Every structure is written in C-alpha cells, then in structure tokens.
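Before any comments, here is the structure.
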Amino acid sequence: MATARQILQQEIFDQCDQILLAFVGVSNDSKKKKFGYLCLSDTKEPPSNIYIHQIKFDNKVVKKKRIWSLNELITVDGKTSSQDCLEIELILDKPYKWVATNNQERKIFLISLWKQCASYVFDRKPEFKNLPLDWTSGDLVVLPADRKSKLSLAVSPIISAEDFQPLSEKEEQDLELLMKECGFAAKDAKAFTDMLATQLMALDGENVQSVLASEPQVTKLMDQLETAIQEIEKVESALDMYDETLRHVRDTIDKMDQKNANIQTANKNNEKLLNELQKVIHQLELSPKHQLALTDADLTTSTGLQDAIEAAKELQAVMNAQIHPALVRLKAIQEQKRRFEKWKAKFSQILSRHLNNLFIHMGNDIGESKRNSNNELTIMKHTSLHRELAAYTELMHWCKAMDRKSFMALNKVYTSSLSKLYERDIKLFLEDAKMRINAGHLSNSKEDIRKSTGPPSDWLLGVDKEFWAQESNTQERQRFDQVLEAVLSELEPICLSEQNFCVSFFQLDILSPTTKNTQTTLDEVDVKSNQEILPSLPKTKIEKKINEEVRKMMGDIFACIEPELIGFIQYHERMDSTYSMAVLVRLGRHVMSANDTGSFLSMTYGSALVHVKRNYDKLMHAHLKSIQDVRIIKKSKCGILPFVANFEYFAKTAEQIFKETERRTDLDKWYLKLLTVMFETIHSIASEHPKTPAEVIRMENFHHLYALLSQLKIGILDQFRKDAKQKYSEALSAYVIRYFGRPLEKLNLFFEGVEAKVSQGIKESEVGYQVAFSKQELRKVTKEYHGREVKKGLDHLYKKVEKHLSEEENLLQVVWRAMQEEFIQQYKYIEDLIQRCYPGSMISLEFSIEDLLQYFSEIARSH
C-alpha cells in the first residue's frame, strides 16, 4: 500500500504540484478486468483545491483517465451501510460506479472524501448516503461563492491518523536500523513481532518493580498528607469560630445602629410635631382685644371702626391660616373653628345692620337731589356719599370674602337706594334741560306736537312750506345742541364716578373663586383646587366676566338713564324733525370718543344711538314718501314743486349739523336716495300735469336744483348737479322747439321743397328754373311776411310763454332769449338758401336781423 502511494505520488501528482490524500483500487465490475485507482488530491500551494482523479493501470503504467473538481461532486452512494460492501457510486457530471478491491482502502477513501467535503465550501452541498454512521459526523459547509477563497485558505486538508503517508527519511533510517539489529525480521516477521512483545513485557515489568520499590515513600507521603489535612481542619474550625463571633458582633452593631436611627427619627418627628403644633397655636390664636372688637363692634366712631377693621382682618387671617389638611381634623382645631364661625357671624350681623341702615338713609336723603345755585346746567354729584362710604371699603371686602350672603344683600340694598336717588336727580336734570331749550316755558303748540306718535307730516319735503308749522330757527337749534351736549357731558362724569366707586367698594374687579358663602382653609375641602379655577381661565374671559358684573350693577343703579334720555330725545324730535339729525351727530360723537367702549355708559349711549338712528331713518323714509306722494294743484300752473323748493332748507340745515362729523355717511346715503326720487318725481309730474307743459315743469325744477346744488357745493351730489343742468338744457330746448315752432312757416315749406330738389340731383343754381320754385314764387312767399305781422306773432308768443312760466323761478327772459336765438338761426338759414339757390335775384325778406332784435326787445320791455 505504501508502495502504491509512493508510485502514484511520484508518477502522477508531483508533476502537477499536488499531494495525494487518499486512494482506493477499483475495477469497473466484479470481474476485475479493468483495474485502476480513484484518488483524492489537494494542491501543495494555497489556495487549496481538491480534485478527484480516475487513474488507469495498464501494463504496469499509471495514467490519468479523468479528473473532477470537488465542487462537481453531487452524490456519494455507498449502496449499503454495511462496512463489508465494496461498491462505490459517485455522481459527478454523470453517475459512475466502481467496485473496490480492498475494504480498508474503500473505508479510508470514503472517510477522507467526506472530511474534505466537510471542510470545503460548496455552491451546492453533496449528498452522502448509504454509509455507516461512524464514517460521517457533522454537517457539510455551504457558503456563498465570494467567501470560498478565504475559507479555502483557512481550511487545510485534513489528514487522519488512518491516512497512509510516505515515511520520512528519518523514519526510514530508524526502521532500517531496527531491521538490521533484527536481521531475521525480514525472514520471520512473527519471530520479530514476538521479540518486540517480549521486550515490551519486560519494560512493563520493570515499571511495576519500580512502582513497588517506591511504596514506603508513597506511604510516608500519604501519612504526611493526612497530618497536613488534619491541621488544616483545625485551622478551619478556628476560623469558623472566629467568623461566627464576628458575625454576631456585626449583627449586634447593626441592631444598635438601627435603634439609634429610630431614636433620632423619633426625636426629629417629635421636634417637628412640636414646632407644627406651636405654629398652629400661634396661627389660630385671636387676641382678646380682637375678640371684643368683633362681638361688640362700634362702627359709628373712627376708633371703633379702625378696631373693627383690624379685628376683621385678623379673623380672616386666622381662618385662612396655612395648616396641613391632616391637622384640620384635630378636635382642638375644629373647636377653634367653631369659635371663629361664631365671632364671624356676630360681627357680620353688626356690620350688615349698620351698612344696611346707612344705604337706606342715603337713598332717602332729600338734600342730595337739590339743584345747584348757579345758572349752569349741572347734575348733582354724590362725592360726599362716596367719601362717607369709603371708610367701610375694607369691611365690605371682608364681607365679600367671609359672608357672601350678607354681601349680596347689602349690594342689593345699595343698588336699590342709589337707583332711586339717581332717578330723581336725572329726571329733574332733564326737566331743567327741557326748560332751557324752550327758553323757560313749554309752548302749547309744541306740546301738541310732542304728543304726536311720529314725525309730523307738515315738516316733510313733499309738503308745501306754507303748510309747515313754525320751524326752529338757527338760534333755537344751536341752543338745543348746546343743551344736549351739556346733558351728555354731565351724565358721563356722574356715571364714571359711581362706577369707579362701586368697583373699589364692592371689589368688582376681583372674581370670587367659589360660590360658597364662606371658604377658608379650616374647611375640610381642597381649597387650593377651588382657588385655581380662576387662574386657569384666559385673561380675556376673566376681563369679560368682570366687565359684565360692572355693567350689571351700573345698569341696576342707572336703570332710568336710557328710558329718560330716549324720552328726552323723542320729545324734541317731535317738536322739530331736524333735531333728530342733531342728536344723531352729537350722540354719535360721544359714542365714538368713548375710551372704554364696553363701559355701561358707552353701551347706554350706543343703545340710545340705535334708537336715534332708527328715528332718523324713519324721518328720511317719511321725506322720501312725501316726495313720491306729493300733492299738486292741477287747476293752476305747476311752478316749482314743493320738495324742490323745500330741499334748500333741508340741505342747508343738514350741512350745518353734519359738517365735518363722523356721521356724514348717514347723510350722504340719504342725499343720494332723495335726489334720485326727486328726479324721478319731476319727470312723473311733468308728464301728468294738465295745465303746465311738461317741458316747463322739467325746465324750472331742474334749473332750480342746478342752481341750489351749485350753491351748496356738496361733493357727493356733483353728478346730480351735472344731470340737473343737462336736463334743464334739454327741457329748455324742447320747449323752444315745441312752442316757438317756425314763425316763417310758408318760407320753411318752400325751401324744404328746394332742398328736396337739390337732393334729387338738381344744381342749386338751376332750382330757380323749376316752375314751382321760380323767383316769382319766391317773391310771392316773401311778401306775405311783413315786419308788422312778424312782430304781432312774436307778441302773441310772448304772452303764451309768460302764461306758462312761473314768476318765482324768473326764467321768462331766458326762454325769450332762447326763442330769439332760434328765430335768428331760422332767418339766417333762409337767407343762406336764397343766396345759394337764387344768386343775383335781389330777393330778400321784408325785415332784417336788426328788425328782429328790435321786435324782441320792444316786446320784452312792453311786458
């Protein structure tokens, strides 16, 4: 076997730098006709590459027949798990079957093949089947291709002790030396083996004798070891005893430390408890002086009042002392709490009775409602009452915090008493204002107007001015505006003063964190949670709620202001409708200039302003309706319509009131509506009037509007001014055309025929050759219009125009001049046609332009 290995290594594998790992002699079938070898080799140099070779043996010469890489191996089949089987089947590129010649070689080859496969990296793991279990153990390695080279370098070929390798030179020398010493070994191997066995037995005997000779020393050594063990056991016992003692000492010390710690904790707790109890006693202690001041309070003197304030503050402080909730449940603290409640109830009763009497007395004070001695319009101030009550401000704050029921009752009494006082003062104040506006008396006629239910019909634009009642003059309107300003200005400080006092006195700028009657830290509830309700609200909501509380109280105190002010305004609106405009402007100015738009008085003025604005719009609607429903006397000529004539007074009054004010847009809006309806109504009346020509009605009224709008110079009405001028011009032109007509009618008809011939293609110079339009016919027509006849016709026309036009607008000369220009224009037209169509005929009219001008002038002067 060694010889075959050497031959294969030298003849086959040395030539390709490979090492023979294992081999097995095989034949193709059991008859062993073709003999060869299956070999397993590896490269000498890394990386390691394993190959399977089929070597054929022919005539004592070995040759390579096939070679496969180990990676090509798919299956290794031993056919059976018996070790006596000689068959081998390898599936490579195809199945190959061999029969081994030696069972031992087969075993070594298959085991080596499995070990190489176990250490080799495959793309696909080969399958080993039908082999004994002890030949194969573990799993084959299957890794990605990029790790093959690294693993191949790390894993060297595994050569088992069962692998047969060639002997080294030293081994060969040693073997040859042994063979020389035993020359017979080559001839008689059994004798050689027996000799070697005899020598081995001799050596084993000598070893046994050596061991037996050393037995006493071993026994002695064992005795010494036993003694040492015993000594060690003694030391260990002593150490255990010491350890037990130390453990006991340690436990004792630990118990002493724990006991000392407990004693220290108890001392600290006792000390803290003592301090806490002393603190609680100090916090809940109320001096006898304060107790007496609470139970027997004298609020009529300054000293007694000051003592009561100090005692009340001290009581509030002790009832809100910062005490741990657990301590509140102590019996002593609960007893002290009951004492506090008793003192609180007693003092609250004394305080409520005193302030209640004081508030009622203030409401019944007649002297407070007297008018001032000077001649200025003023309302009584109550600063003296406020100064008197200011001394009780701190007690009122205490009452709000400690006895809410009493606080609300006092608030109600104060509101009721003061509302009566202010109602009396405001009524007298407004009556005085009425007297001043009416110069010290009330007119019976105006009183009748005041009792009317709406705007008087005889003050409207559509009503003829002669049916108007006597309107207020500029001086009266100015006096009304001054008194109204004084009324509004006087109400502001008194309301503001009362509001500031109530906010301070009743602490309206601070919301209560709870709705309970009294909330203190001695109550067995979570006080902190209640107090945190308000801070959690947004600041804007808190301010809104505070403003609502202030406005509510001011509304209760000054409940009479709004109805009395509206009644005052209505009274004067019914006396003079223009007063509604003055009130709208004046009241609007006060609302817009208010520093606090959410204050009570601003909202009251705002509400009154809404009422005034509603009345103002109602008045304007009435003006609008009166224009649409204007009544015209149809039996006489029309003239200037009432609403056109009245608009001057209306506009000038409105401009005087609304000049440079914030409410200007309210007036401008109604200007547009009124002028639009006025234009429409003028056209409507002009088309329906039976006596006066429509052109005259439009001409006179639009001329009047144009002149008025030009005089007023109101920017927003500039387009109406232009429209009025245009409509006036159109009406004038239409009137002249309609009533002046063509005074030279026959001449006009004659020359219309001439123009017709010219339009048919006949030259102007040849028209005279036509029979109907010859020079003789022209002379005949012109002789019919003598100057005397023309003047007579013009005089008749002048009388007709004079009959149509109204004297108040004075447009007669304007119309007469327009007719003069129209006549002259017709005259020039006829003269021009005569010159063009009948040149050199020496034909002309019987009168000249100078004669016409003289006729018109003489007629105008004669009337």
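The values are calculated or read from the model by the stated rules, or taken from the named source; none is laboratory data. These numbers were taken from a predicted model, which means no experiment stands behind them. Cβ coordinates were reconstructed from backbone atoms using ideal geometry, including for glycine residues, and neighbour counts include every protein chain displayed. Just so you know, the surface numbers come from the protein's heavy atoms only, side chains and all, with ligands and any DNA or RNA stripped out. Shrake-Rupley method; radii C 1.70, N 1.55, O 1.52, S 1.80 Å.
Could you order peptides 249-261, 386-398 by the average number of other Cβ atoms within 10 Å of their residues, highest first?
My ranking of the peptides, most packed first, is 386-398, 249-261.
List, in order, the whole-Hz ³J(HN,Hα) value for each residue of the stretch 783-800 obtained from phi through the Karplus relation with A = 6.51, B = -1.76, C = 1.60 and θ = phi - 60°; use x for Gly and Pro.
5, 6, 10, 7, x, 5, 5, 5, 5, 5, x, 5, 5, 5, 5, 4, 5, 5
Tell me the angle of helix 404-437 to the major Cα principal axis of the chain, expressed in degrees between 0 and 90 and rounded to the nearest ten.
So the helix axis and the longest Cα principal axis differ by about 30 degrees.
Compare the Cα positions of Leu277, Ser348, Ala651 along the charge dipole of the chain (+1 at Cβ of Lys, Arg; -1 at Cβ of Asp, Glu; about the Cα centre) and return the one farthest towards the positive end.
In the chain, that residue is Ala651.
List every residue whose amide H lies under 5 Å from the amide H of Phe128, counting only residues 5 or more places away in sequence or on a different chain, with H placed 1.01 Å from N in the peptide plane.
Result for Phe128 returns Val76.
Counting heavy atoms of the protein chains only and a 1.4 Å probe, report the per residue accessible area for the stretch 699-776 as a whole number of Å².
I get 54 Å² per residue for the stretch 699-776.
Using a simple charge model, +1 on the beta-carbon of Lys and Arg, -1 on the beta-carbon of Asp and Glu, nothing else, what dipole does the chain show about its Cα centre, in debye to the nearest 20?
4240 debye
For the chain, which whole percent of the accessible surface, found with a 1.4 angstrom probe, sits on carbon and sulfur atoms?
Reported share for carbon and sulfur atoms: 52 percent.
DSSP loop (so not H, G, I, E, B), at most 16 other Cβ within 10 Å: list which trypsin sites (Lys or Arg not before Pro) in the stretch 296-370 pass both filters.
Passing both the DSSP loop test and the Cβ count: Arg329, Lys370.
Do any trypsin sites (Lys or Arg not before Pro) in the stretch 746-837 lie in a DSSP loop with no more than 11 other beta carbon atoms within 10 Å, and if so, which?
Lys763, Lys783
Write down the Å³ per residue value for the convex hull defined by the alpha carbon atoms of the stretch 708-781. Present the calculation step by step, with values, prior to reporting the outcome.
On the way: hull volume 10.8 nm³, N = 74.
Hull volume normalised by residue count: 146 Å³.
Relative to the first principal axis of the alpha-carbon coordinates of the chain, what is the inclination of helix 600-628, with its axis defined by its Cα atoms, in degrees from 0 to 90 and to the nearest 10?
Taking the Cα atoms of the chain, the angle to 600-628 is about 50 degrees.
Hey, what D do you get for the chain in µm²/s if you plug the Kirkwood alpha-carbon radius into Stokes-Einstein at 20 °C and 1.002 mPa s?
Calculated translational D: 47 µm²/s.
Longer than 21 Å from Cα to Cα, which of Lys60/Lys170; Lys635/Lys791; Lys791/Lys828; Lys65/Lys94; Lys34/Lys63; Lys56/Lys129 are they? Say none if no pair is.
Details: Lys60/Lys170 30 Å; Lys635/Lys791 31 Å; Lys791/Lys828 18 Å; Lys65/Lys94 15 Å; Lys34/Lys63 13 Å; Lys56/Lys129 26 Å.
As for pairs spanning more than 21 Å Cα to Cα, those are Lys60/Lys170; Lys635/Lys791; Lys56/Lys129.
Relative to the longest principal Cα axis of the chain, at what angle does helix 169-181 sit, 0 to 90 degrees, rounded to 10?
Approximately 20 degrees, to the nearest ten.
Give me, ordered by chain and number, the residues 5 or more places off Val26 or on other chains with an amide H under 5 Å from its own placed amide H.
Those qualifying (amide H under 5 Å, at least 5 residues apart or on another chain) are Gly36, Tyr37, Leu38, Thr101.
In nm, give the distance between the simple-model label positions of Ser497 and Lys427, each being 7 Å from the Cα along the Cα-to-Cβ direction.
Result: 2.2 nm between the two label points.
Mind giving me the FRET efficiency for Asn267 and Lys342? R0 is 45 Å, r the Cβ-Cβ distance, nearest 0.05 is fine.
Efficiency at R0 = 45 Å is approximately 0.70.
With point charges of +1 on the Cβ of Lys and Arg and -1 on the Cβ of Asp and Glu, referenced to the Cα centre of the stretch 691-831, which listed residue (Pro743, Leu794, Thr782) lies farthest in the positive direction of the dipole?
Value computed over the given set: Thr782.
How are the Cα pair distances of the stretch 763-863 distributed, in percent, across 5 Å bins from 0?
2, 11, 20, 20, 14, 11, 9, 7, 4, 2, 0, 0
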